[in-house]
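These notes concern the structure reproduced below.
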Amino acid sequence: HFYSNKLFFISGLAVLVLACEADDLKHNEDFDVARRLYAAQKLEQALFTAKEILESDPFHTDAMLLAARSAYYLREFDLCESYSRKILKTRPDHLGARMLLLRVLNESNTRQDEALAEIEHILAIDPGNIEAWYSRGFLYEQKRELKLAIASYQAAVSYSGPIANAHARLAAIYTSFRLPEKALPHEEAAKVVARQYIADLRSTQKAER
């Protein structure tokens with residue numbers, strides 16, 4: 001009886017393992033489908049597929065992140081925030097989730113302090129994050145804390161090299177202080193970067209034809 005029971009247990013365990021592996025395989029296949037839908041900008045379908053994965057596997061981080069991204073671009077900001085925060089509960093240093101959360105907070109006119117706190121988390125993980133530095137500058141500019149805004153925009157420029165928006169905001173701030181000698185170099189830099197961006201874009205479009 002002992003051996004027969006042991007054999008029954010082992011065979012049952014093998015069936016269970018195979019079932020789990022098959023389920024994992026199906027999840028991987030489903031996620032590949034969701035990823036392809038997202039890449040094709042079929043966001044509603046991508047979100048639906050990601051939600052189906054999460055129903056059977058609530059801790060599938062990649063599916064949760066894809067759902068959050070899809071929700072963000074569908075402007076379902078509450079849903080995007082919910083998924084992002086779920087990821088951060090178990091993975092507080094997940095940069096993708098933190099960036100999505102920052103973008104959601106930036107959509108609001110009343111959550112500036114939350115956004116600034118989130119930026120500090122992001123910069124602790126990724127000190128050269130251009131989007132975070134630019135957002136920091138913009139938020140401090142809105143709060144009229146212009147020294148901090150200037151420092152943030154300058155950091156964005158120093159980390160990234162050319163970034164037209166940061167140069168443009170620096171030019172605007174220096175102009176508001178009636179400091180044309182400081183504004184002018186950033187105005188010119190913004191124009192140069194914008195022209196280079198257009199040229200690169202046209203070159204890419206020609207290559208793709």
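Leaving out ligands, DNA and RNA but keeping every protein chain, what accessible area does ARG169 have, in Å² rounded to the nearest 10, with a 1.4 Å probe?
Counting only protein heavy atoms, ARG169 exposes about 70 Å² to solvent.
Over segment 51-179, with every protein chain in place, what whole percent of the accessible area is carbon and sulfur at 1.4 Å, could you tell me?
Roughly 49 percent, rounded to a whole number.
Work from the charge dipole of segment 43-176 (Cβ charges, +1 for Lys and Arg, -1 for Asp and Glu, about the Cα centre) and give the residue of SER135, THR90, PHE77 farthest towards its positive end.
Selected residue: SER135.
As a test question: what accessible area, to the nearest 10 Å², does VAL192 have when a 1.4 Å probe is rolled over all protein chains in place?
For VAL192, the solvent-accessible surface is approximately 80 Å².
Taking segment 34-122, which chymotrypsin sites (Phe, Trp or Tyr not before Pro) meet the DSSP loop condition and have no more than 13 other C-beta atoms within 10 Å?
In loop regions of segment 34-122 (DSSP not H, G, I, E or B), the sparsely surrounded chymotrypsin sites (Phe, Trp or Tyr not before Pro) are PHE59.
Can you compute the charge dipole magnitude of segment 37-172 about its Cα centre, using +1 on each Lys and Arg Cβ and -1 on each Asp and Glu Cβ, nothing else charged? Give it in debye, rounded to the nearest 20.
Value, rounded to 20: 320 debye.
How many nm separate the modelled label positions at LYS89 and GLN142, each set 7 Å beyond the Cα in the direction of the Cβ?
Distance between the two pseudo-spin positions: 2.8 nm.
Once the Cα gyration tensor of segment 40-122 is found, what semi-axes does its equivalent ellipsoid get, as square roots of 5 times the eigenvalues, in whole Å, sorted largest first?
Largest first, segment 40-122 gives 22, 15, 9 Å.
I'd like the accessible area for HIS186, computed on protein heavy atoms only with a 1.4 Å probe and all protein chains in place. Round to 10 Å², please.
About 40 Å², ignoring ligands and nucleic acids.
Taking a point 7 angstrom from the Cα of ALA117 along the C-beta vector, which residues in segment 131-152 have backbone N less than 17 Å away?
136, 140
The values are calculated or read from the model by the stated rules, or taken from the named source; none is laboratory data. These figures come from a predicted structure and were not determined experimentally. Every residue, glycine among them, receives a Cβ derived from its backbone with ideal geometry; neighbour counts consider all protein chains shown. These accessible areas exclude ligands, DNA and RNA; they are computed on the full protein's heavy atoms, side chains included. Shrake-Rupley method; radii C 1.70, N 1.55, O 1.52, S 1.80 Å.
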